[in-house]
1. So if I place +1 on the C-beta of Lys and Arg and -1 on the C-beta of Asp and Glu, and nothing else carries charge, what would the dipole magnitude of the stretch 3-61 be about its Cα centre? I want it in debye, nearest 20.
2. Helix-only mean residue ellipticity at 222 nm, the chain, DSSP H runs n ≥ 4 weighted -39,500 (n - 2.57), per residue, nearest 500. What is it?
3. How much FRET efficiency would the formula 1/(1 + (r/R0)^6) give for residue 102 and residue 181, where r is the Cβ-Cβ distance and R0 is 22 Å, rounded to 0.05?
4. How many nm separate the modelled label positions at residue 91 and residue 1, each set 7 Å beyond the Cα in the direction of the Cβ?
5. For each of 39, 188, 76, count neighbouring Cβ atoms within 10 Å of the residue's Cβ, then give the residues from fewest to most.
6. Give me 51, 180 sorted ascending by neighbouring Cβ count inside 10 Å, so fewest comes first.
7. What does the highest-first list of 129-141, 5-17 look like by mean Cβ count within 10 Å?
8. Roughly how many whole Å is it from the C-alpha centroid of the stretch 129-205 to that of the stretch 3-23?
Amino acid sequence: MTLMDQSLGQLARSIPGATGIFNRYQFDFCCAGNRSLRTAAAAAGVNGESIAAELQTLRERGEPLQGPDWSQASDTALVDHILARYHAVHREQLPELIRLARRVEQVHGDREDCPVGLADHLAAMAQELESHMKKEEAVLFPLIARGQGALGGMPIHVMRGEHEEHGESLRRLLALTDQITPPRGACTTWRVLYSGLQAFHDDLIAHIHLENNLLFERFAPAKVH
């Protein structure tokens, strides 16, 4: 199979550095990781063959992965990592981000570039994400821990659908914040908020990537289109 016909998820997990290329072209390799490179490039109106050439160069260079190679981890080790690194961290991140966003809106709401509505959007994201994580912790992850991940097809289908909703929420977050870019003259609180938003955004992308493109693929491979 050529690189053009492999899914973004496959490429992201097999070629170190591929995610950097996908981010440059704004390809969604986590929530829409089952799209082929050919499909993603056509939808974006860019030259897929040139991107494939970049990916081939990376693959031939064979740069080592930064950090652990989670594709080689056991099912339970990967689940434990997701719980500690992402579930627990999101629960710490969002309350403070909501507090900071409300403060910025209260103080700077009269500015045209103030992200009005951001705090409410983050509160909605927190509620949706908490519901999502609780489902994984109550149903899917215990199945995997018992060695019954093959029975998780339906929960995985539901989780993938919710991941797509998280992706839409992230795109709304970017729209509200000018791609998480603090405006000129932004106060310290505003800048701290946007720094935290960037960390949360990147963490949620990495979280969904690990689940969709590594963990879920072990039990319910997605169809490439």
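1. So the dipole magnitude of the stretch 3-61 works out to roughly 120 debye.
2. That comes out to -19000 deg cm²/dmol.
3. Efficiency for this residue pair is about 0.65.
4. According to this spin-label approximation, the distance is 3.6 nm.
5. Numbers: 39 18, 188 7, 76 14.
Placing the least packed residue first, the sequence is 188, 76, 39.
6. Exposure proxy ranking, most exposed first: 180, 51.
7. Details: 129-141: 16.7, 5-17: 20.8.
For the peptides 129-141, 5-17, the packing ranking is 5-17, 129-141.
8. Here the two parts' Cα centres lie 20 Å apart.
Laboratory data are not the source of any read-out in this text; all were calculated from the coordinates shown. Keep in mind that this is a model prediction, so the values were computed, not measured. Backbone-built Cβ (ideal geometry, glycine too); neighbour counts: all protein chains shown.
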